[in-house]
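The values are calculated or read from the model by the stated rules, or taken from the named source; none is laboratory data. Just so you know, these numbers come straight off a predicted model, no measurement behind them. Note that we place each Cβ from the backbone using ideal geometry, even for glycine, and neighbour counts take in every protein chain shown. With ligands, DNA and RNA removed, areas are computed over all heavy atoms of the protein, side chains included. Shrake-Rupley method; radii C 1.70, N 1.55, O 1.52, S 1.80 Å.
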Amino acid sequence: MQKGMLIDTTMCIGCLSCEEACREKNNLPEDCDQTDLSECKFTKVFQRGDYYVRKMCMHCIEPACASVCPVGALKKLEEGPVVYDENKCIGCRYCMQACPFQVPTYEWSKALPRVRKCWFCYDRVLAGGMPACAEACPTGATTFGERGALLLEARKRIADTPGQYQAHIFGEHEVGGTSMLFLAAVPFEQIGFKSNLIQKPLPLLTWSVLSKIPDFVLVGGTLLGGVAWIINRRMVLEDERINEAQKRAQEGTDDSSSLKRFLDRFKKN
Amino acid sequence: MNRKWIPKITFWRLVFAAIMVMGLYVTYIRLFKGLGASTALSDKVPWGLWVGFDVLCGVGLAAGGFTITLIVHVFNIKKYKPILPSTVLSAFLGYLLVNAGLILDIGRPYRIWHPLIMWNPHSVMFEVAWCVMMYTTVLSLEFSPIIFERLKWKKPIKIVKTITIPLVIMGFILSTLHQSSLGTVFLIVPGRLHPLWYTPILPLMFFISAIATGFSMVIFESYLSRRAFNKRLELDILASIGRVVLVILAVYFVLKTKDLYNRGALKLLLDGSHESKMFMLEMGFGVVAPLALLSVRRIRESQGGLFVASVMVVMGFVMNRLNVSITGMMRSSGANYFPSWMEIGATMFLVAAGFALFAAAVKYLRVFPEEKPAAEPAETLELLVPQRRTPHNAGMAAPVGE
């Protein structure tokens with residue numbers, strides 16, 4: 001079953017325990033950009049108006065990053081995490097370009113860089129534990145569990161205190177659904193969430209074109225092969241006709257009339 | 001004795017040498033100090049000039065190769081044969097530029113072969129990687145007879161000639177896939193690419209604009225070659241290519257306008273934003289103006305007119321690719337990007353190296369047809385059947401045999 005996290009922005013107090021726990025768990029350096037997600041920050045808490053909002057990898061159910069990776073270095077695990085194999089990565093950075101949330105970051109200062117992003121503490125999750133950030137959260141703003149169960153919990157909170165929540169769970173349908181789910185008291189675009197996301201998985205957009213390639217290659221190749229064959233055959237025949245005509249013309253100069261040839265036959269007899 | 005081997009120092013040779021030295025320095029910084037030390041890229045703007053120009057434009061500018069080879073070898077329109085070698089050469093050089101650009105751009109260049117064994121058929125970039133590798137191979141095979149001819153290797157020429165047609169067909173299919181897939185790359189960023197450029201038919205638009213640009217490059221190169229190497233190509237061939245460019249541009253313009261209308265994006269043209277200005281510049285300079293020029297017969301059938309129109313198409317194409325990959329992504333990225341001097345320097349380096357290789361090939365290989373002293377008296381039969389295939393066609397000068 002897919003794991004997920006429910007982040008209730010109405011309960012976050014901005015204590016940054018999650019950031020600190022993440023840094024420790026992943027041995028992140030501290031000497032680079034701290035103002036947004038970066039190679040030093042897999043998660044970051046932003047103050048947006050009266051609320052604190054965490055940002056990290058959303059672990060999409062059908063992740064654009066994993067679908068665009070030419071070598072399959074990024075992968076969605078059944079348990080939920082989108083993980084990265086740094087030994088495969090060639091560094092094309094298409095994952096960074098394709099991510100609708102602009103999450104993956106790069107080690108720009110290194111000669112042999114890696115893509116860096118939250119990996120949902122997959123070592124812990126696969127072992128039955130919970131991510132460092134969820135464990136560290138003192139208020140329960142970040143809770144870990146089965147994605148299905150978290151959705152039910154989120155709906156229950158909305159139903160129990162309708163005045164306190166927007167009737168929208170961010171991540172339920174966005175880009176086909178994400179493992180991270182958000183609740184908010186105000187419309188999501190007011191606290192920095194994107195409102196122009198499509199509701200279906202992004203990889204479908206490219207797959208609808210890519211899936212036609214085998215047909216195109218087979219049909220196109222056969223068709224062009226046939227065209228080449230027909231045209232070249234016509235050319236060969238034309239050449240033959242020209243050669244014949246030339247030969248006949250040459251013969252004609254020394255032995256022109258067919259009447260003479262006809263008469264010659266009788267001479268032999 | 002030695003003097004003969006020392007090239008005369010001229011202004012352009014000095015410029016060229018300076019660009020080469022700068023290029024080597026930038027390459028060193030890029031490979032040993034990393035992308036951060038050499039580029040203006042960031043987490044918000046992961047693709048810049050090297051992807052936008054070296055890769056996207058390099059592929060498109062090479063598009064003359066697959067169309068002209070198809071026309072000559074599959075459709076058997078021999079009229080275009082004289083421009084075949086130079087077109088295949090420039091396509092080949094275009095792809096070398098792409099490969100070099102990729103090596104500079106990807107974070108771990110020594111893993112460039114990974115897509116060979118690590119497959120992800122769901123990735124457009126996987127398709128792109130395979131197209132680059134395979135079409136570079138096809139182009140080098142298509143160009144190889146000219147080199148074999150110079151080396152007087154009879155056997156390899158024969159082998160390449162027997163596989164010419166399959167090779168040309170494969171080249172056409174690979175190119176069609178590759179040109180369009182560069183548009184497909186951007187299909188996955190619907191919320192991020194500005195709606196003036198994001199459209200579900202991006203692959204088609206990339207394909208059509210690449211064909212128009214490929215033909216324009218043929219005109220452009222022929223003109224420059226005539227000036228630089230004193231080689232001439234017949235004007236009637238270039239004028240008929242000009243007509244083809246005119247038709248393709250018209251199709252492109254209609255599709256583009258209708259697509260904007262379909263998506264309700266026409267009103268974005270007049271909102272005065274930076275994007276709308278860049279879009280107008282791209283379309284006005286690269287499509288509408290050359291359309292107007294080429295539709296005038298006197299311009300279309302003059303060397304200068306064709307040259308100006310083709311330069312405009314090529315520049316409009318470059319603007320389009322840069323707009324899709326950089327301008328259109330800027331607003332949603334939340335950051336700013338202008339290429340660093342090293343990104344520009346490396347690009348100049350690769351382009352200059354391409355020009356030098358082209359010049360060297362013209363000097364040492366038979367890229368342009370030998371100029372005949374005088375036309376032989378035409379035989380009556382040839383007049384009767386003007387379209388026939390001449391059995392001993394110019395010997396082995398063809399880049400890919402009959």
## Note on the structure
Between the residues A:ALA127, A:THR9, A:GLY80, the Cα farthest towards the positive end of the dipole of the protein assembly as shown, that dipole coming from +1 and -1 charges on the beta-carbon of Lys, Arg, Asp and Glu, is from A:GLY80
### Query
What residues in segment B:55-101 lose 20 Å² or more of accessible surface when the other protein chains are added to their chain alone (1.4 Å probe)?
B:VAL74, B:PHE75, B:ASN76
#### Entry: Cα long-axis angle, helix B:164-184 against chain B (0 to 90 degrees, to the nearest 10)
20
### Message
I need the phi-derived Karplus couplings for segment A:39-51: 6.51 cos²θ - 1.76 cosθ + 1.60, θ = phi - 60°, integer Hz, Gly and Pro marked x.
### Response
5, 9, 9, 8, 9, 8, 9, 10, 8, 10, x, 8, 10
### Message
Given a 10 angstrom Cα cut-off, can you work out which residue in B:ASP259, B:ASP236, B:ASP43 is the most mobile in a GNM of chain B?
### Response
B:ASP43
### Task
Treating cross-link reach as a plain straight distance, find the lysines whose alpha-carbon is under 18 Å from the alpha-carbon of B:LYS152, omitting any fewer than eight places away in the same chain.
B:LYS161, B:LYS363
#### Entry: Amide H contacts of A:LEU74 (H built 1.01 Å from N, under 5 Å, at least 5 apart or other chain)
A:ASP85
### Message
Which of B:ALA360, B:ALA210, B:ALA352 ends up with the largest GNM mean-square fluctuation for chain B, with Cα atoms connected below 10 Å?
### Response
B:ALA360
### Query
Across peptide A:27-39, how many C-beta atoms of other chains are within 10 Å of each residue C-beta, on average?
1
### Message
Keeping every protein chain present and rolling a 1.4 Å probe, give me the accessible area per residue for chain B in Å².
### Response
45
### Task
Taking a cut-off of 18 Å between Cα atoms, list the lysines near A:LYS25, but don't count ones fewer than 8 places away on the same chain.
A:LYS41, A:LYS44, A:LYS55, A:LYS117
### Query
Spin-label point model (7 Å from Cα, Cβ direction): what's the B:LEU281 to B:TYR364 distance in nm?
4.0
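Round to a whole number: what % of the accessible area of the protein assembly as shown belongs to carbon and sulfur, probe 1.4 Å?
Carbon with sulfur: 64 percent of the solvent-accessible area.
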### Message
If each DSSP helix of 4+ residues adds -39,500 (n - 2.57) and the sum is divided by the residues in chain B, what number results at 222 nm, nearest 500 deg cm²/dmol?
### Response
-20500 deg cm²/dmol
#### Entry: Signed unit charges on C-beta, dipole axis of segment A:129-252, positive-most listed residue A:GLY148, A:ASN232, A:PRO138
A:ASN232
### Summary
For segment B:139-294, the dipole about the Cα centre with charges only on Cβ (Lys and Arg +1, Asp and Glu -1), to the nearest 20 debye, works out at 620
### Query
Roughly how much accessible area, to the nearest 100 Å², goes out of reach of solvent when A and B pair up, both sides summed, probe 1.4 Å?
5300
### Summary
Quick calc, chain B, dipole around Cα centre from Cβ unit charges on Lys, Arg (+) and Asp, Glu (-), nearest 20 debye, gives 760
### Query
If you plug each phi of segment A:99-109 into the Karplus form 6.51 cos²θ - 1.76 cosθ + 1.60 with θ = phi - 60°, what whole-Hz ³J(HN,Hα) values come out, in order, with x for Gly and Pro?
4, x, 9, 6, 8, x, 10, 10, 8, 4, 7
#### Entry: Mean separation of Cα contacts under 8 Å, 6 or more apart, over the residue count of segment B:9-359: relative contact order %
28
### Message
Quick check on the protein assembly as shown: of the DSSP beta bridges with both residues there, what percent are antiparallel, nearest 5%?
### Response
80
### Task
Treating only the Cβ atoms of Lys and Arg (+1) and Asp and Glu (-1) as charged, compute the dipole magnitude of the protein assembly as shown about its Cα centre; round to the nearest 20 debye.
2400
### Query
From a point 7 Å beyond the Cα of A:ALA111 in the direction of its Cβ, which residues of segment B:8-30 have a backbone N at a distance under 13 Å?
B:28-30
### Number of partner chain Cβ atoms within 10 Å, mean per residue of B:128-134
1
### From phi via Karplus (6.51, -1.76, 1.60), per-residue ³J(HN,Hα) for segment B:260-277 in Hz, x at Gly/Pro
4, 5, 4, 8, x, 9, 4, 5, 5, 4, 9, 7, x, 6, 4, 4, 5, 5
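For a quick protection proxy, order the peptides B:266-278, B:306-318, A:107-119 by their average other-Cβ count within 10 Å, most packed first.
B:306-318, A:107-119, B:266-278
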### Message
Using a 10 Å cut-off around each Cβ of peptide A:209-216, what is the average number of partner chain Cβ atoms that fall inside?
### Response
4
